[in-house]
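Report on one structure; see the data block that follows.
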Amino acid sequence: MGDWLVEFQGRNHSTAVKLNFLWKQDNVFIMDNHRAALWCWGEALRTESELSLFHVDRHFDALFSQQDYAHFPHDEFEGMGITEYLSAGYDNDFFAVTPLFRWDNYLGLFIAEYQQRITEWAFATHGKGTPPKGIGYAAYEPWEFPHAIGELTGKWIFNLDLDYFFGRMGNGKMGRLFTDEYIHDWGTALAAGLENGTVRTLTVSLSPECAAGWQEAESALEIFMGGLGMDFSLPAD
């Protein structure tokens with residue numbers, strides 16, 4: 001049904017600069033981390049005059065530096081293929097290449113480049129990482145979901161990291177915070193948004209390093225996809 005835009009590389013560490021897979025069906029994208037999310041929003045950016053963005057993640061993902069932004073390919077970006085996007089970078093002082101698009105800065109770059117195109121901003125996080133600069137945004141709490149998704153109007157890019165459903169337990173290890181029913185109902189609500197056109201693009205990240213490992217992240221994804229009504233699973237290593 002769907003297409004592998006980046007073939008599955010295995011259940012490896014991502015760090016901030018590696019992408020182990022990218023899968024697409026219609027306007028739904030699934031990846032192991034959100035490094036590729038900005039590229040996935042390109043079609044919506046090319047075809048919609050007004051969009052809003054909802055970011056759900058343990059982290060803000062909005063790190064910004066002028067050095068990164070100075071290398072942003074303004075004129076070429078919306079025509080870049082995924083391979084070109086992932087390989088984009090610039091020389092640093094250590095005789096190496098700094099990847100331009102990373103899982104900690106892609107949203108900061110998006111805000112700098114496209115904030116005039118975004119009507120509304122909404123965030124639901126655990127307060128980790130660098131908050132976005134230069135924009136006002138609505139902040140949501142876990143108990144407002146999934147009902148809040150059905151209240152959205154307009155056209156939205158919805159950026160979901162499954163690590164939002166995880167946290168550090170009393171024993172110091174990562175574990176799931178929410179029930180199967182809660183996660184399943186997120187999928188159901190987003191499926192309705194995709195069906196009625198409110199959700200223009202959905203990007204989903206597993207983030208196993210922040211979600212108790214691959215097994216737990218894939219388990220949460222299976223529950224979520226059941227609500228979404230879409231069949232997807234990773235191949236065996």
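Within the set of pairs 6+ apart or on separate chains, which have a first residue in the stretch 148-161 that is touching a residue at least 60 places away in the same chain (Cβ under 8 Å), a second that is aromatic (Phe, Trp, Tyr), and C-beta atoms under 7 Å apart? Here the result reads Trp156/Phe54; Ile157/Trp41; Phe158/Phe54; Asn159/Phe54, each pair linking the stretch 148-161 to a residue that is aromatic (Phe, Trp, Tyr). A residue that is under 18 Å from Glu43 (Cβ atoms) and open to solvent by less than 30 Å² (accessible area, probe 1.4 Å) occurs somewhere in the stretch 117-133.
Determine which member of the set Glu84, Glu43 is farther than 30 Å from Arg176 by Cα and out of contact with any strand residue (DSSP E or B) (no Cβ under 9 Å at 6 or more places or on another chain). If you could, list the steps in order and put the result at the bottom.
Working: Glu43 fails: out of contact with any strand residue (DSSP E or B) (no Cβ under 9 Å at 6 or more places or on another chain).
The unique qualifying residue is Glu84.
Listed here are the residues, each with its yes/no results for (1) under 24 Å from Ile118 (Cα atoms); (2) in a loop (DSSP other than H, G, I, E, B); (3) in contact with a helix residue (DSSP H, G or I) (Cβ under 6 Å, 6 or more places away or on another chain); (4) of a type outside the set (Gly, Ala, Ser).
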position: Ile183; (1), (2), (3), (4): no, no, yes, yes
position: Thr188; (1), (2), (3), (4): no, no, yes, yes
position: Ala191; (1), (2), (3), (4): yes, no, yes, no
position: Glu195; (1), (2), (3), (4): yes, no, no, yes
position: Thr203; (1), (2), (3), (4): yes, no, yes, yes
position: Ala217; (1), (2), (3), (4): no, no, yes, no
position: Asp231; (1), (2), (3), (4): no, yes, no, yes
position: Ala236; (1), (2), (3), (4): no, yes, no, no
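Within the stretch 182-195, the presence of a residue that is more than 16 Å from Gly227 (Cα to Cα), open to solvent by 10 Å² or more (accessible area, probe 1.4 Å), over 17 Å from the mean Cα position of the chain (by Cα) and not aliphatic (A, V, I, L, M) is excluded.
One line per residue, one yes/no per condition, for (1) at positive phi; (2) buried (at least 20 other Cβ atoms within 10 Å of the Cβ); (3) more than 18 Å from the chain's Cα centre (by Cα):
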site: Phe158; (1), (2), (3): no, yes, no
site: Leu177; (1), (2), (3): no, no, yes
site: Gly197; (1), (2), (3): yes, no, yes
site: Leu221; (1), (2), (3): no, yes, no
site: Phe224; (1), (2), (3): no, yes, no
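In this structure, does Asp57 turn out to be open to solvent by 50 Å² or more (accessible area, probe 1.4 Å) and touching a strand residue (DSSP E or B) at 6+ places or on another chain (Cβ under 6 Å)? When the stated conditions are applied, Asp57 does not pass them. Looking only at residues of the stretch 33-51 that are charged (D, E, K, R) and in a helix (DSSP H, G or I), we find that the one that is nearest to Met225 (Cα to Cα) is Arg35. Out of the stretch 11-32, which residues are open to solvent by less than 10 Å² (accessible area, probe 1.4 Å), part of a loop (DSSP other than H, G, I, E, B) and at pLDDT 95 or above? Across the stretch 11-32, the qualifying residues are Asn20, Phe21, Asp32. Whenever a residue of the stretch 219-237 is among the charged types (D, E, K, R), its partners that are in a loop (DSSP other than H, G, I, E, B) and open to solvent by 20 Å² or more (accessible area, probe 1.4 Å), lying with C-beta atoms within less than 6 angstrom and at least six residues away or across chains, give the pairs Asp237/Arg11. No other residue among Phe54, Phe101, Phe110 is among the aromatic types (Phe, Trp, Tyr), assigned to a helix (DSSP H, G or I) and within 30 Å of Phe145 (Cβ to Cβ) apart from Phe110.
The values are calculated or read from the model by the stated rules, or taken from the named source; none is laboratory data. Keep in mind that what you see is a predicted model, and the values were worked out from it rather than measured. Heads up, the Cβs are rebuilt from the backbone with ideal geometry, glycines too, and the neighbour counts pull from every protein chain shown. Just the protein is used for accessible areas: all its heavy atoms, side chains included, with ligands, DNA and RNA removed. Shrake-Rupley method; radii C 1.70, N 1.55, O 1.52, S 1.80 Å.
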